[in-house]
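See below for the structure under consideration.
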Amino acid sequence: MLVEPVLDRLAAVIKKGEAMVRSYALDEFGSPILDDRQYAEWRSQALALLTGVFDSGHTYTDVFRSQVGNTSKKYYVDIGLGILQAALEDVRAGYVETIRELAVAEVFSGFLEQADHLLQNGYSVPAVSLAGGVLENGLRSLATRSGIAVKDRDNLSSLNNKIGDKGLYSRLRQRQVASWIEVRNAAVHGRFDDFNEDDVAEVIKGVGNLLSSVA
């Protein structure tokens, strides 16, 4: 997992909640009033971030969902900020590696080994197609964990652009990933003269290195 972007995102959501609390008004009875739209936006962003980092069944996610209600109340924000601050401290301390992440990493590694085996036996097209599938799943996971909105229609290129624009990896890495996507697309669309076995080997190796560095 890329820790710094997650820390930055948690800090930003905390800052947003704190700013909302500072700007509240009082109604005629002296009760604090928050902007409904701002509150809904903040709550949605916070819950999506916690789900991406800790999973939907984690204590932080469950407590936030159950204790931070849908209506815009100051004490809900106070509770949410406490949960987010605790989450930030756990991420900073390195306590966010989940069983799911370990399992996914193992599955990805197995698929890439299969892709390499296919390539060694002369099946370059299915090999790079499999590696492309691993890459797409890995990029979706990285984007979700980092609080990036991901849609079902997002393809490899759009995922790469979103992650690169967010700064989760360098522009050089983004161009490398784009070159792997081009090899994969050439194979899928039957443009067999546009790549060779060395290109496929580079894709498999590159995808493995990338997913290892961002897991």
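When the P(r) is computed for segment 20-90, the part past 18 Å accounts for 36% of the Cα-Cα pairs. Pairs of Cα atoms nearer than 8 Å and 6+ residues apart set the relative contact order; for the chain it is 22 percent.
Sorting 8-17, 186-195 by their mean Cβ neighbour count within 10 Å, with the most densely packed peptide first, gives 8-17, 186-195.
Suppose accessible area is computed on protein heavy atoms with a 1.4 Å probe; arrange TYR76, TYR123 from highest to lowest.
TYR123, TYR76
Considering only GluC sites (Glu not before Pro) in DSSP loops that have at most 11 other Cβ atoms within 10 Å, the longest stretch of the chain without any of them is 98-215. By the helix-only formula, in which each DSSP H run with n ≥ 4 contributes -39500 (n - 2.57) and the sum is divided by residues, the chain has a 222 nm mean residue ellipticity of -25000 deg cm²/dmol.
Annotation: segment 133-189 has a Kirkwood hydrodynamic radius of 11.4 angstrom, from the mean reciprocal C-alpha pair distance.
Given a 1.4 Å probe and the protein chains as shown, VAL203 ends up with an accessible area of around 0 Å². Within the accessible area of the chain, the carbon and sulfur atoms contribute 50%, probe 1.4 Å, all protein chains present. With protein chains left intact and a 1.4 Å probe, residues in the chain average 54 Å² of accessible area per residue.
The values are calculated or read from the model by the stated rules, or taken from the named source; none is laboratory data. Remember, predicted model here, so these are calculated numbers, not experimental data. Counting neighbours? That spans all protein chains shown, and the Cβs are built from the backbone with ideal geometry, glycine included. Accessible surface is based on the protein model in full, side chains and every heavy atom, while ligands, DNA and RNA are left aside. Shrake-Rupley method; radii C 1.70, N 1.55, O 1.52, S 1.80 Å.
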